[in-house]
Ligand code: MIG
């Protein structure tokens, strides 16, 4: 074992000879090697081919983390598996979703964190078998462990974040509202949706193309019948302020003559079976090969294919089915069919009947099928199962690196379904096939900070729910949370009820218009906070306990901090006309029924029942923090950035660094961004507002709406000089 001190918070233990995941990216040259193992909170047991880690919890211990996963924010009580899984039914008894995020944060007298850098399956028993025990099992002895200690939960998270490299910056238009469904199948259908937004005056920046835009589900093709003159069409929509975002699937259709298939075969870019032939699985188009994204040459080849669509004006993509999802393999299907044939005319009893039906039910993503194929890694063939969680990650990396080569300075929208730690450098994720269930609003909220802890900042769920049928109030309440998520996308499955913001009745359309306009009013803040998290290795969403250390703050798991100024507490109960909200300090509550700041009220620290009519989105502005906002527009590019409205609750003094940049290029990476340092002081019952420093040459005026400790509202205007002198 090799022991190193990575930084003041982190010890790295290398056991054996692990697979290089490239999840973390830090300078390994200048770190200190330790000769003795420091005292660790974990008991680590090694047998010949297995590692187990044990931790004893006390009654108060809480376990945060595991990124995209089921159950509450506190993972205690559950069984979990890290194995990227396409399971569309997200119920609490499931053990994994699409991501594999092996980071735990354990609270207690001393907080500790753990990251397991290992790309195969890991199982977590977190107080399930034994109430006070965590037991983690890895069927391998080649593993990198990172133990974090000596700091607050936030400090340990930031120490982990700092090892990952810079996070992905989505283009600014991707902070607009986005509309999807499986599928807007033709140009005509897309036109109708665009018209719906225009007729109803609802802002929108993107419309999604799901698998049906392709020619027979072939990646990087466009069906000419459904989308004639695609390039012109993309341009026409862009002139209207709308981007088209096509899906790309992991499986490549087996079809002689299809260039991607032919090239993949010619260069041996596909995963292989045990006979070293291209491995055959089945997904959408029927039989497919899986590009071997773990092989750098295959990765580059696939990544550059995005050019086909980029050349037609496309600026954003979503990568799907990259766990990878496997409908069936030929031999398993054959066996199952034979089994059915042999059952014909038989008297099926309790055993044989379920054996037969289970054989069909388990065809999809069968665990044994993941052992049937291999990857080329540094010249050796590696069985897929050992490195399963690297697949979606490397597909996304392929896309990100390809897009960077295709158009080096442009920021593309890119997000993936499967993911692992480190992927946040390349792209975002969405949380996959949820349901139109109220429980999934809460699950959405609970996953967000845990995904951020793993460095994936651009996230969001299928708002309104993927499977099942939404009603108007579900869409409204869900949107009142999603309007704070970087990815704010409404998406639903094939054969479900339409759930566009104008798909219900007049009343719902009106409320949705205001909810989405509120999002656009907040983009100045949300984008500023997002980009600061990118450039400073921070997080965008936090649980309350990251900032407040009282007992109740660590209990609350249905409220979140969004950036440095806001707390959100959405209604997630059907027919709920309000909810309990816990305030760890005095805050300014804004019940926003439109983006205009009317209903604001100082609320004292403590627990309150807050009435919230369907049209009211609750926002809580923290004490001595500021919230910059803009006048909404129908598209992000049309937002007027010359003026800001700053809402503040100031009892002493507040400083806000308002970040902005061009939103489309990577210039921000080398100083191409603007900062405005806004300061408000409350003294002798008066407010003083100043611009401490400003490099933003667009901004001209700030309108302040301020509330002091007495709860009185004061307004004031400030003209911004583009000097860095106090005004
Ligand atoms: O299993 O492309 O999660 O968003 O609409 C269905 C069709 C395959 C899964 C994605 C979903 C998408 C759907 N895909």
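What follows draws every value from the coordinates through simple rules; no lab data is involved. This is a predicted model, so every value here is computed, not measured. Using ideal geometry, Cβ is built from the backbone for each residue, glycine included, and neighbour counts are taken over all protein chains shown.
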| message | Please compute the length gained on full extension between residue 381 and residue 268, using 0.36 nm multiplied by the number of residues separating them and subtracting their Cα-Cα distance. | response | 39.4 nm
| request: Mind ranking 379-388, 642-651 by how tightly packed they are, going by the mean number of other C-beta atoms within 10 angstrom, highest first? | output: 642-651, 379-388
| field | Residue-span extension gain [residue 277 to residue 235] - 0.36 nm each, minus C-alpha spacing | value | 10.9 nm
| query | Quick one: which of 657-663, 88-94 comes out on top by average Cβ neighbours within 10 Å, and what's the full order, highest first? | reply | 657-663, 88-94
| In nm, spacing of pseudo-spin labels at residue 150 and residue 586 (7 Å Cα→C-beta vector) | 3.8 nm
| note | Extend 7 Å from the Cα of residue 49 along its Cα-to-C-beta direction; within region 368-391, residues with backbone N under 18 Å of that point are 368-374, 381-388
| said: Explain nothing, just the number: relative contact order of the chain, from Cα pairs under 8 Å at least 6 residues apart, as a whole percent. | reply: 12 percent
| query | Once label points are set 7 Å from the Cα along Cα→Cβ at both residue 651 and residue 681, what is their separation, rounded to one decimal in nm? | reply | 2.0 nm
| Taking the alpha-carbon set of region 205-356, what are its Rg and Dmax in Å? | 19.6, 65
| task | Quick one: compute the contact order of region 665-727, relative version, from alpha carbon pairs under 8 angstrom and 6+ residues apart, as a percent. | result | 29 percent
| Relative frequency of Cα-Cα separations exceeding 27 Å in region 1-136, percent | 23 percent
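In percent, how large is the relative contact order of region 589-670, given Cα pairs closer than 8 Å and 6 or more residues apart?
25 percent
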| remark: Counting only backbone N atoms under 18 Å from a point 7 Å out along Cα-to-Cβ of residue 665, the residues of region 395-416 in range are 404-413
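Sort 258-268, 347-357 by the packing proxy (mean of other Cβ within 10 Å over each peptide's residues), most packed first. The partial results should precede the final answer.
Details: 258-268: 15.4, 347-357: 11.4.
Highest to lowest by the protection proxy: 258-268, 347-357.
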| task | Can you tell me how much longer the chain between residue 342 and residue 14 gets when fully stretched, taken as 0.36 nm per residue apart minus their C-alpha distance, in nm with one decimal? | result | 112.9 nm
| note | Dividing the helical contributions, -39500 (n - 2.57) per DSSP H run of n ≥ 4, by the residues of the chain yields a 222 nm value, nearest 500 deg cm²/dmol, of -7000 deg cm²/dmol
| Taking a quarter of the surface of the convex hull around the Cα atoms of the chain, what do you get in nm²? | 33.5 nm²
| In Å, what Rg and Dmax follow from the Cα atoms of region 158-226? | 17.0, 52
| Mean shadow area of region 352-500, taken as a quarter of the surface of its Cα convex hull (nm²) | 12.5 nm²
| remark: In degrees rounded to 10, the 0-90 angle between helix 391-406 Cα long axis and the longest Cα principal axis of the chain is 60 degrees
| note | Here FRET efficiency (C-beta to C-beta, residue 308 to residue 22, R₀ 35 Å, nearest 0.05) is 0.80
| request: With everything on Cα atoms, drop me the angle between helix 230-239 and the longest principal axis of the chain, reported from 0 to 90° to the nearest 10. | output: 20 degrees
| request: Largest first and in whole Å, give the semi-axes of region 288-338's equivalent ellipsoid, each being the square root of 5 times a Cα gyration tensor eigenvalue. | output: 31, 14, 9
| said: I'd like the FRET efficiency for residue 643 and residue 287, computed as 1/(1 + (r/R0)^6) with the beta carbon distance as r and R0 of 41 Å, rounded to 0.05. | reply: 0.10
| How many angstrom separate the Cα center of region 235-288 from the Cα center of region 466-499? | 29 Å
| query | Can you work out the FRET efficiency for the pair residue 494 and residue 692, with r the C-beta to C-beta distance and R0 = 51 Å, to the nearest 0.05? | reply | 0.45
| remark: At q = 0.16 1/Å the base-10 log of I(q)/I(0) from the Debye formula over the alpha-carbon atoms of region 284-438 is -0.96
| said: Compute the angle between helix 350-361 and the longest alpha-carbon principal axis of the chain, please, reported from 0 to 90 degrees and rounded to the nearest 10. | reply: 60 degrees
